[in-house]
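Written out below as structure tokens is the structure these notes cover.
Values quoted throughout were computed directly from the atomic coordinates according to the rules given, and no laboratory measurement underlies them. Quick caveat, the model's predicted, so the values are computed rather than measured. Cβ placement follows ideal geometry from the backbone for every residue including glycine, while neighbour counts extend to all protein chains displayed.
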């Protein structure tokens, strides 16, 4: 994922490298704990929505980069993918999503 920053000026190449880096990162945890355990954890009732949004954002980023070839849509999709990755990652830390949600309520008067 960090090597994708080399081509940051080209949003489509950046989106491809960053998205495949995300897929490899999730795959690496599957390698460590086993693919069955990884899938059970991903589709656990606590994080099913975070997983669905993350996978959806990955697919949208790839579609915008590979088929639509729109730089603006690709950048928007990558921003959504980063936010979804953060929210998905927070689902593995106890009480983290609640704390972030409370923080956004206090700062922006909006709930996530």
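Between residue 26 and residue 104, what FRET efficiency follows from the Cβ-Cβ distance if R0 is 25 Å, with the result rounded to 0.05?
Efficiency at R0 = 25 Å is approximately 0.50.
Working out 0.36 nm times the residue gap between residue 89 and residue 76, then minus their Cα-Cα distance, what length gain in nm do you get to one decimal?
Separation in residues times 0.36 nm, less the Cα-Cα distance, equals 2.7 nm.
Considering the convex hull of the alpha carbon atoms of the chain, report its projected area averaged over all viewing directions, in nm², one decimal.
With the hull built on Cα positions only, its mean projection is 7.9 nm².
Sum -39500 (n - 2.57) across every DSSP H segment of at least 4 residues in the chain, then divide by the residue count to get the 222 nm mean residue ellipticity, nearest 500.
Value at 222 nm, helices only, nearest 500: -23500 deg cm²/dmol.
Per 5 Å bin from zero, what fraction in whole % of the C-alpha pairs of the range 1-57 is there, up to the bin with the longest pair?
In order of increasing distance, the bins hold 5, 18, 20, 21, 16, 11, 7, 2 percent.
Please report the orientation-averaged projected area of the range 29-72, defined via the convex hull of its C-alpha atoms, in nm².
Mean projected area of the Cα convex hull: 4.0 nm².
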